[in-house]
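Accompanying notes for the structure given below.
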Amino acid sequence: MIRLGRVLFILLSLLPLLSLFGCWNYKEVDDMSIVAGVALDKDEKSGKLLLTVEMVDTKGGLQQTQAGFKILTLAGDTMFDIVRNMISMTGKKLFWSHAKVIILSEEIAREGMVKVIDWYSRDTGTRSDVYIFVSKEKTAREILMMNSTSESIMSFELAQMMLDERNSSTAPVVEIWDFIDKLESSGKSAMAPLIYVHRADGRGNERVSGTAVFSKDKMVGMLSGTESKYMLFAQDKVKGGVLPVDAGDGHPVYSLEIQSSRTKVRPSWIHDKLQIQVDMETQMNLDEVMTSNGFTHFDAKKAIEERAEEILQENITNLIHKVQKEYHADVFGFGEKIHENMPSTWKKINKDWSNEFSKLAVVVRSQVTINSSAKTTRSIKIGD
Amino acid sequence: MNKEILPSGQSISIAVLFIIGSSLFMGVTGRSGNSAWISLLIAMSLSVPLMFVYARLHVLFPGKNLFDMLIAMFGGIAGRIISCTYIWYALHLGALVLRNFGEFSETVALTETPMIAPMLCIGLLCVWTVYSGIEVLGRSAKFLLLFTIMILFLLQILAIPKFEYHHLKPVLDSGWGPILADAMGLFTFPFGEIVIFLGVLRALPGKGSAKKVFFSGLLMGGGVIMVVIFRNLLILGPDILSSLYFPAYVAVSRINVGDFLTRIEGSSAILFVTALYIKVSLCLYVASIGVAKVFKLKSYRSVVLQLGLLMVYLADFIYQDIMQMQNFAYHTYKIYALPFQVFFPLLLWIVAEIVASKGKQKESAP
């Protein structure tokens, strides 16, 4: 009897082993294809979606210092359909949570974004912190293809570029959750940075500069890199970058480095008309003087500050007017500010916001403070 | 039958974890948008009278639990029938919470693992705990509460850079209608669910202690939920918030400290599991006690395993999919739960007061 009990005990204690097999869906790294970035195009012939995936090549081995990459393109009806069908080309399931960038062709962006980004934000394998770009080239995949010249993984390079973008402020940095957030909220239009191939001396290099402006989920226009900087000013998103300032004659002679900038947007009623006030306070450093007689004494600082204020006010006002007239898309989020501060007014105008937005009166005020002039106290004096 | 005693610190811990249990990851209904915190305040103040009634029951029936009270007041048959509905409610609630966890793990964590596997793991753990007695539950709750609050606090601090305070404006954007509807929802889920706690009243020491337990549970639990609501709202904004099944998980996934501390949402899921474990265990305990009382068993321990397995199985087939779960939790539940949370306890209280005052008259008459 006792022996039977002991046998039973041993058998029972073996039972938990069944649950100790470990992972239910055990997968080793080399069983997965790690996706680094995606490009989305429209197939010219069939009109279907064309997905190009850049993958990290895990077969590199120890000798190679840099991981290789592999590029695959496949057409299909829906995003998920293509993604799963890619197994027939890679033999492995794609692993998405390390993907860093999505590049969309202009055609796709102009047709509507919801159909291509919903899967990305819904699926559990993907992460919503990937950067989104719109390609200014004919196709989006040629950007990813560029890496045949640069020998490194293009998607990771672009992600690094977005981290450093704050030092130039010529394009917005947009992650996909941010994009969807702007799509969903009323009184705010979405935007995305533009990417293109910069060609010089027969060689091409990828470049991110400029903004694609969206109305609802369709792209309606583009802003240049300089305009993007002023747009970021109005959105209170400027973290750095350089502002060239002229001495009043149109030739830039000073470079001001943006240290910090704060923008406040206030809607108000003035003479029974809705008006938006954009107030900016910017701290700058004088970092370049390209003339020998520009910055000679203390009072010159005041003049440069005033000139910088004028430039900012003028350009930002022009930019806002341009977006109002040409695109009717509220990328500045003025509508949201009205919603937050004047809920009752917003209820009346939100139905027709893009129209109201294009008629909105906007006043821009800028205040620039120059904090330092770097290492030298004055401009270079030319001796005789 | 040996009497088990819960020190008030432990019972408060159970109450707090019970209240925050599934709200930690289910979040709050999205209809009131950025005014959800007002609904929470309304729901908390609505719960105050209810807590008074529950605490009063403990004073009126010292040393008895819900099922003893029901049978004492409504007689052997009617009392047992009402007790049966409460057994069902406890079992069902435990199953619902387990299912929340199952859906959570299937949706965001273990997408290819059948839902029953994680639910069974937690379910068996709860069976073990309940079998070991309410004191074990109390001690683990006290420890886990500290742990939960520490992690919540840490997450809250890490999330501060992602806060966008303008999401709070304008207050009362969608008017009072959705706010009141949400307040009703919050009142039944999670605050009213504390009615389950009546099942363990006999383990509480002394006379006034129930009041302390209920009110600290309400205040601390409400405080934690408030903090979580604000965090989710400030990170995600009302529009995105309303489109997510598990907003807390997504909100935490946005945390990014210097591109170094990222992807911590997986570890924050531990919180959900701890709070849920307490909630399911308490439901299972009360259901077992109820069965033991109604069927005059010697000890509730003989039915714990059976009820626990039933609960896991019930959780597995109770909904077809996550959309049904969402719909039930946010729309049907607030009506379904009212009899258990409000009507029966009120009835019990009124009858008990009448009986008590008659008893007093008798005492003073001769």
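Only the coordinates and a few stated rules stand behind these numbers; no lab work does. In this text the structure is predicted, and so the values were computed from the model without any measurement. In this analysis, Cβ positions are derived from the backbone assuming ideal geometry, glycine residues included, and neighbour counts consider all displayed protein chains.
Figures for the structure shown
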item	result
In degrees, nearest ten, helix B:301-317 long axis to first principal axis of chain B (Cα)	40
Dipole in debye (nearest 20) - chain A, about Cα centre, beta carbon charges: Lys, Arg +1; Asp, Glu -1	1060
In degrees, nearest ten, helix B:116-132 long axis to first principal axis of chain B (Cα)	40
Binned Cα-Cα distances of segment B:273-366, short to long, each 5 Å bin given as a whole percent	2, 10, 10, 14, 18, 15, 11, 7, 4, 3, 2, 1, 0
Where the Cα pairs of chain A fall when distances are cut into 20 Å bins, in %	24, 44, 24, 6, 2, 0
Least to most buried among B:PHE344, B:PHE101 (fewest other Cβ within 10 Å first)	B:PHE344, B:PHE101
Stokes-Einstein diffusion coefficient of the protein assembly as shown, Kirkwood radius over Cα pairs, 37 °C, 0.692 mPa s, in µm²/s	109
Chain B: calculated mean residue ellipticity at 222 nm from DSSP helix runs of at least 4, using -39500 (n - 2.57)	-23500 deg cm²/dmol
Residue among A:TRP177, A:VAL29, A:PHE69 farthest towards the positive dipole end of segment A:28-223, charges placed on Cβ	A:TRP177
Residue-count net charge about B:LYS162 - beta-carbon cut-off 11 Å; Lys, Arg +1, Asp, Glu -1	+1
Shielding of A:336-343 by partner chains, average beta-carbon count, 10 Å	4
Segments B:125-133, A:198-206, B:109-117 sorted - mean Cβ within 10 Å per residue, highest first	B:125-133, B:109-117, A:198-206
Segment B:111-157: Rg to Rh, with Rh as the Kirkwood radius over Cα pairs	1.13
Taking A:TYR196, A:TYR120 and counting other C-beta atoms within 10 Å, the order from fewest to most	A:TYR196, A:TYR120
Within a Gaussian network of chain A (alpha carbon springs, distance under 10 Å), most fluctuating of A:ALA303, A:ALA36, A:ALA192	A:ALA303
Exposure proxy order (Cβ contacts within 10 Å, fewest to most) of B:LYS293, B:LYS169	B:LYS169, B:LYS293
log10 of Debye I(q)/I(0), alpha-carbon scatterers only, for segment B:8-345 at 0.12, 0.13, 0.15 Å⁻¹	-0.81, -0.95, -1.28
GNM flexibility winner over chain B from B:ARG254, B:ARG231, B:ARG80 (Cα, springs under 10 Å)	B:ARG254
Selection from B:THR107, B:VAL250, B:ILE289, by position along the positive dipole direction of chain B (Cβ)	B:ILE289
Chain B: angle of helix B:36-60 to the longest principal axis, Cα-based, in degrees nearest 10	20
Charge-dipole axis of the protein assembly as shown as Lys and Arg at +1 and Asp and Glu at -1 on Cβ define it, positive-most pick from B:MET220, A:VAL245, A:ILE270	B:MET220
The protein assembly as shown - charge dipole about Cα centre, Lys and Arg +1 at Cβ, Asp and Glu -1, debye rounded to 20	3660
Chain A - mean residue ellipticity at 222 nm from DSSP helices (-39,500 (n - 2.57) per run, n ≥ 4, rounded to 500)	-9500 deg cm²/dmol
